[in-house]
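> Right, I'll just put the structure down here and ask away after.
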Amino acid sequence: MARIFITGSADGLGQAAARRLVTLGHEVVLHGRNRDRAQQALRAVPGARTALEGDLASMDQTRELAAQANAAGPFQAVIHNAGVYRPGARRSDTVDGLDDVFAINALAPYLLTALIGSPQRLIYLSSGLHKGGDPDLGALQSRQLRWNGSQAYANSKLFDVVLAFAVARLWPHVLSNAVDPGWAPTKMGGASAPGDLEQGVATQVWLTISEDPGAKVSGRYFYRKRAQPAHAAASDVAVQDAFLAACEQLTGVRLPTEVTK
């Protein structure tokens, strides 16, 4: 039995992955952005151990969530599932003055990775749209550029792959991978999405618990249990280091350069 933490597990892919892992006999800790969402997650996933709360749009609440997770751990795996996608919306700033798409989708996973006691496996939810992302960190928080929700999402999902690959390089004893779950019928994907919800979570569940040699790899980008080419920038060490440095500057928290078993 593995102990697993899943962010953003009140609905959608996170909830579906949690249900699947509980059914398989694992100990699952859920997460919602506030108390109501955390309780919603617990009601939706009978058999889950508990649900933690914390708004990933706030750095302070994300730090507190990491402290809650460390108290509930240690975890064999963490699935960084939480995310937002608002292609037609205007830019929304967080309490920290950051674009909330970047803050929730990319900066929060960095902060949680840096602060939660290192698990054996890390899974970062990305998207096929990451291939249209721009790795230019100079424009990360610029208000001089016209904000576009779809581009902001693509950029954030590229940074998730960058983070997964950076962790794989820096932490050789941790299996760190990114996953494209496909276009699934969730609140984010919409009811008309052509994908299947169970198929959408199959790869992250497999990477979380499987002893299959294909799942026990690191620094890969997966779609339907198959490694796929990712945006070239994700493998660029200079891009990785620049992203980690930007996140450290924003949060005041440095990613440890090495962990041990």
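The values are calculated or read from the model by the stated rules, or taken from the named source; none is laboratory data. A quick note: this is a predicted structure, and the numbers were derived from the prediction, not measured. Quick reminder, even Gly has a Cβ in these numbers, built from the backbone with ideal geometry, and neighbours come from all protein chains shown. Quick note on the areas: whole protein, heavy atoms, side chains included, nothing else; ligands and nucleic acids left out. Shrake-Rupley method; radii C 1.70, N 1.55, O 1.52, S 1.80 Å.
> Could you tell me whether ARG49 is under 27 Å from TRP206 (Cβ atoms) and without any contact (Cβ under 8 Å) to a residue 12 or more places away in the chain?
Values: under 27 Å from TRP206 (Cβ atoms): yes; without any contact (Cβ under 8 Å) to a residue 12 or more places away in the chain: no.
Spelling it out, it is not the case that ARG49 is under 27 Å from TRP206 (Cβ atoms) and without any contact (Cβ under 8 Å) to a residue 12 or more places away in the chain.
> Being under 21 Å from PRO181 (Cβ atoms), in a helix (DSSP H, G or I), open to solvent by less than 20 Å² (accessible area, probe 1.4 Å) and hydrophobic (A, V, I, L, M, F, W, C) is the requirement here; does LEU122 meet it? Show your work before the answer.
Working: under 21 Å from PRO181 (Cβ atoms): yes; in a helix (DSSP H, G or I): no; open to solvent by less than 20 Å² (accessible area, probe 1.4 Å): yes; hydrophobic (A, V, I, L, M, F, W, C): yes.
Judged against the criteria, LEU122 is not a match.
> Would you please name the residue that is farthest from LEU170 (Cα to Cα), looking only at residues in the range 205-227 that are of a type outside the set (D, E, K, R) and open to solvent by 70 Å² or more (accessible area, probe 1.4 Å)?
Applying the first criterion (of a type outside the set (D, E, K, R)) to the range 205-227 yields 205-210, 213-215, 217-219, 221-223, 227.
Now restrict to residues that are open to solvent by 70 Å² or more (accessible area, probe 1.4 Å): 213, 223.
Values: PRO213: 21, TYR223: 23 Å.
Looking at the filtered set, the residue picked out is TYR223.
> Right, something else. Name every residue in the range 230-256 that is over 17 Å from ILE123 (Cα atoms) and in a loop (DSSP other than H, G, I, E, B), in order of residue number.
Selection gives HIS231, ASP236, GLY252, VAL253, ARG254, PRO256.
> Starting from the range 101-116, take each residue that is within 23 Å of PRO74 (Cβ to Cβ) and list its partners that are hydroxyl-bearing (Ser, Thr, Tyr) and not in a helix (DSSP H, G or I), counting only C-beta distances under 8 angstrom and pairs at least six apart or across chains.
ALA108/THR7; PRO109/THR7; PRO109/TYR124; LEU112/THR7
> Does LEU197 qualify as being modelled with pLDDT under 80, buried (at least 18 other Cβ atoms within 10 Å of the Cβ) and farther than 22 Å from ALA69 by Cβ?
On the way: modelled with pLDDT under 80: yes; buried (at least 18 other Cβ atoms within 10 Å of the Cβ): yes; farther than 22 Å from ALA69 by Cβ: yes.
Yes.
> Within the range 86-95, take every residue that is of a type in the set (D, E, K, R) and free of Cβ contacts under 8 Å to residues at least 60 places away in the same chain and give me the one that is most open to solvent (accessible area, probe 1.4 Å).
ARG90
> Got at least one residue in the range 29-45 being at positive phi and assigned to a loop (DSSP other than H, G, I, E, B)?
To start, the set of residues in the range 29-45 that are at positive phi comprises none.
Checking the range 29-45: not a single residue is at positive phi and assigned to a loop (DSSP other than H, G, I, E, B).
> With surrounded by fewer than 19 Cβ atoms within 10 Å (Cβ to Cβ), out of contact with any His (no Cβ under 6 Å at 6 or more places or on another chain) and either at pLDDT below 95 or within 22 Å of ALA17 (Cβ to Cβ) (or both) as the only criterion, which of GLY128, GLY54 stands out?
Details: GLY54 fails: surrounded by fewer than 19 Cβ atoms within 10 Å (Cβ to Cβ).
Within the list GLY128, GLY54, the selection yields GLY128.
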